[in-house]
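Below is one structure, written out as structure tokens, with a few remarks after it.
The values are calculated or read from the model by the stated rules, or taken from the named source; none is laboratory data. All values derive from a computational prediction rather than experimental measurement. Cβ atoms come from the backbone with ideal geometry, glycine included; neighbour counts cover every protein chain shown.
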Amino acid sequence: MFTQTTSGRSRLTAITVALLAACSADAADPQPSKPKTKPATVIPEVVITATKTETESWRTASSVTVIDRKKIEEQQFKMVPDALRQVPGLVIADRGTPGSTNGIFLRGTNSDQTLVVIDGRPVPANLAGLYNIETMTLDNVERIEVLRGPAASLYGGKTLGGVINIITRSGRGLKKSETTLSWEGGSFGWSREGLSNRGAAGIYDWSLELSRTDTQGYRINSQMQLNNAATKFGAQLAESLRFDLDLRYYNADVGSPGASTGFGANDPNDHVLSEFWSISPRLVWETSKRWTQTLTYQFGNFRQAATNFTPTFGLNNRITSRNHFFEYQSVFKVADWWTLTAGAWLQDIGYSRSSDNAFPFSAYDVDQAETNWAVFLQSKAEILPGWNLNTGIRHDEYSDFNDATTWRAGTSWRMPWTQTVLHANYGTAFAPASPQNREAALFGNPAFLKPEQSKGVEFGIEQPFADNKASVSLTYFHNSINNLIVFTPPFGPLQQINKARTQGLEAAFQWQPCDRFGFSTQYTYLDADDLTAGTRLVRRPRHTIMGDVWVKPVPKFRLGLGALYVIDREDGFGAAQRDVEDYLRLRLTASYTVCKNCDLFARVENLLGERYSEVLGFPSMRTGAYAGFRLRF
């Protein structure tokens, strides 16, 4: 782990020495190579999440957004929520301070209805069914794939909105090891140090990432200290047998100032300490040229301690969530045009919470365990050249809930004469109630044993043009949701409503005519309603517009401007539900390649100083400026 240097002079000296060493190494190269012109940025053609196998994106018949490593570095994203804000149809709602809880609203569904996985392995959720993405760094992330739409036929519960798959980096195939050292500092006491190494030797390969993040925030008690470590080790045991081991750990100390108005505002004492670690081995056996089998196990443990909170929320309480996960997957290529994927998984989850104060909670007021086993089958076929048909079915059984059988059918067609892609998809999904939603001690309702269920459909078209340097796409989606759990003030009880609906349009345009300039924009229209009560679902904006433009005046210098414009949304609960302000948030980024070993970068967040709240009562961060360097060896 990294620790902050107490002496500013020592830190500055170390940074200066590192920069000089990197550039001196470059100057010593007898034949320095010229900067290579990079190809235009495009979304990777092959994705994994939609079918659990490597598939050309247009063949999946699904809506998948990919945020690759190049985009992460160019746009200087540091945490997972920063990158997810670029996904059409996905809204992030945070409480304005670093490390504070983030809501994920994918196509208008609830935050606990979108599954988060790392390399296909489920991440342990907290009691609210959320995944603490606010403390997930992008240190060792190769790319993020976001599958939008019901996905239970492959992934089971909590997939009404879709799946977020965080795919990590490895050193496989590297001829020379790569070491990266980075540092960034800026407003609100922000400081971030990172070290990584990737490489391969013989049958072995590895990837290691370490980072430390510190910030004071801009409100009283809004500081964060975050340590992160992640490593992936691989071994090619035989020509057809590969072993992977994934290890990761983080701990975070986050201040919790409370709402800007009301009880507990600007509390100087509340803290949330969290810790996560996991270990996951995986075996991949290419039994034959047409048959591949995979066996995965993962153990994950999440712990959280809230200290000095008010009696209403339990003073000092501790929460533990642990996850055992087994999955067997078999991929059989029946013919060149037809692939079958079958599998089985077993997941055992445990939750507990204890509290120091006797009223209103007892010592252990939450102690639950649940088991889920499932089997699934998927068919992926190219019926005719350019015409694909994908179908899947899955059956889940739970120890504490009703069984569920879900299915999905999708088709896509790429016209050979214009390369136009048409796709349509229909699927069913479900989400068991989270422990918080069914625990009376947490203002939940023990009667919530019916899973939330949805039926979703989408139709879309994508058209490339200008020699594939530009493209435009449009997708319509509609979800019908039954048994949706909603919050009622001030602390419950929760209600399970009969009918809800989310529907809308996702449109995108991108254009990169050359290596020096690029432009993209996305628009989402969302209509999310509680049909039983005749009200809108909160924190779902009706209109979201995103844009990004970048230019390279010279090959070594990149300047980018990103925009997020959110229009027409509501927040609050019950009689207090009301319209909240629209906002426009701009971020400016710049980077310069000093030499082949050294990059300098800087960014300004909330460029216009917009004052707004993504969650009512929790003001978002003000304008901040940050700068740093990255050394590669």
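Quick look at the values:
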quantity: Failed criterion for GLU458 (all others in (1) closer than 22 Å to ALA431 by Cβ; (2) assigned to a loop (DSSP other than H, G, I, E, B) hold); calculated: (2)
quantity: Looking only at the range 490-543, and only at residues there that are among the aromatic types (Phe, Trp, Tyr) and in contact with a His (Cβ under 8 Å, 6 or more places away or on another chain), the one that is farthest from VAL66 (Cα to Cα); calculated: TYR525
quantity: Only one of ILE279, ILE203 that is of a type in the set (Val, Ile, Thr), over 15 Å from LYS78 (Cβ atoms), within 26 Å of the chain's Cα centre (by Cα) and modelled with pLDDT of 95 or more; calculated: ILE279
quantity: Among the residues listed as HIS423, HIS478, the single one being part of a strand (DSSP E or B) and surrounded by fewer than 20 Cβ atoms within 10 Å (Cβ to Cβ); calculated: HIS478
quantity: Residue list for the range 429-443, restricted to those being of a type outside the set (D, E, K, R) and either modelled with pLDDT of 75 or more or part of a strand (DSSP E or B) (or both); calculated: ALA429, PHE430, ALA431, PRO432, ALA433, SER434, PRO435, GLN436, ASN437
quantity: Residues satisfying the stated conditions in the range 327-356, i.e. over 30 Å from PRO435 (Cα atoms) and not aliphatic (A, V, I, L, M); calculated: SER330, PHE332, LYS333, ASP336, TRP337, TRP338, THR339, THR341
quantity: Yes/no for LYS34 being at pLDDT 50 or above, more than 13 Å from the chain's Cα centre (by Cα) and within 17 Å of ASP599 (Cα to Cα); calculated: no
quantity: Among the candidates LEU631, LEU526, residue that is buried (at least 19 other Cβ atoms within 10 Å of the Cβ), touching a Gly at 6+ places or on another chain (Cβ under 7 Å), part of a strand (DSSP E or B) and in contact (Cβ under 8 Å) with a residue 24 or more places away in the chain; calculated: LEU526
quantity: Lone unmet requirement of (1) in contact with a Lys or Arg (Cβ under 9 Å, 6 or more places away or on another chain); (2) of a type in the set (Ser, Thr, Tyr); (3) more than 24 Å from GLU142 (Cβ to Cβ); (4) surrounded by fewer than 18 Cβ atoms within 10 Å (Cβ to Cβ) for THR287; calculated: (1)
quantity: Out of LYS158, LYS175, sole residue that is basic (Lys, Arg) and within 14 Å of VAL116 (Cβ to Cβ); calculated: LYS158
quantity: Qualifying positions in the range 71-95 - more than 16 Å from THR544 (Cβ to Cβ), charged (D, E, K, R) and crowded, with 19+ Cβ neighbours inside 10 Å; calculated: LYS78, ARG95
quantity: THR287 being assigned to a strand (DSSP E or B), out of contact with any Asp or Glu (no Cβ under 8 Å at 6 or more places or on another chain), of a type in the set (Val, Ile, Thr) and in contact (Cβ under 8 Å) with a residue 60 or more places away in the chain; calculated: no
quantity: Members of the range 519-578 that are acidic (Asp, Glu) and within 20 Å of SER111 (Cα to Cα); calculated: ASP527, ASP529, ASP530, ASP568, GLU570, ASP571
quantity: Residue within the range 342-364 that is out of contact with any helix residue (DSSP H, G or I) (no Cβ under 7 Å at 6 or more places or on another chain), under 18 Å from SER153 (Cβ atoms) and among the basic types (Lys, Arg) present; calculated: no
quantity: Where a residue in the range 56-77 is under 15 Å from ALA602 (Cα atoms) and its partner, wherever it lies, is modelled with pLDDT of 95 or more and of a type in the set (Phe, Trp, Tyr), with Cβ under 7 Å and at least six apart; calculated: GLN76/PHE601
quantity: Elements of type strands (runs of 3 or more DSSP E) in the range 328-419, at least 1 residues being closer than 30 Å to ARG318 by Cβ and in contact with a Pro (Cβ under 9 Å, 6 or more places away or on another chain); calculated: 338-355, 364-384, 387-398
quantity: Condition met for LEU484 (under 21 Å from ARG540 (Cβ atoms), in contact with an Asp or Glu (Cβ under 9 Å, 6 or more places away or on another chain), part of a strand (DSSP E or B) and at pLDDT below 95); calculated: yes
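Here's the yes/no breakdown for (1) surrounded by fewer than 18 Cβ atoms within 10 Å (Cβ to Cβ); (2) basic (Lys, Arg); (3) modelled with pLDDT of 95 or more:
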| position | (1), (2), (3) |
| --- | --- |
| ASP214 | no, no, yes |
| ARG219 | no, yes, no |
| PHE233 | yes, no, yes |
| GLN236 | yes, no, yes |
| LEU241 | yes, no, yes |
| ASP244 | no, no, yes |
| TYR250 | no, no, no |
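Residue-wise test of (1) hydroxyl-bearing (Ser, Thr, Tyr); (2) over 30 Å from THR179 (Cα atoms); (3) assigned to a strand (DSSP E or B).
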position: THR532; (1), (2), (3): yes, yes, no
position: THR544; (1), (2), (3): yes, yes, yes
position: GLY547; (1), (2), (3): no, yes, yes
position: LEU561; (1), (2), (3): no, no, yes
position: ALA575; (1), (2), (3): no, yes, no
position: LEU584; (1), (2), (3): no, yes, yes
position: SER591; (1), (2), (3): yes, no, yes
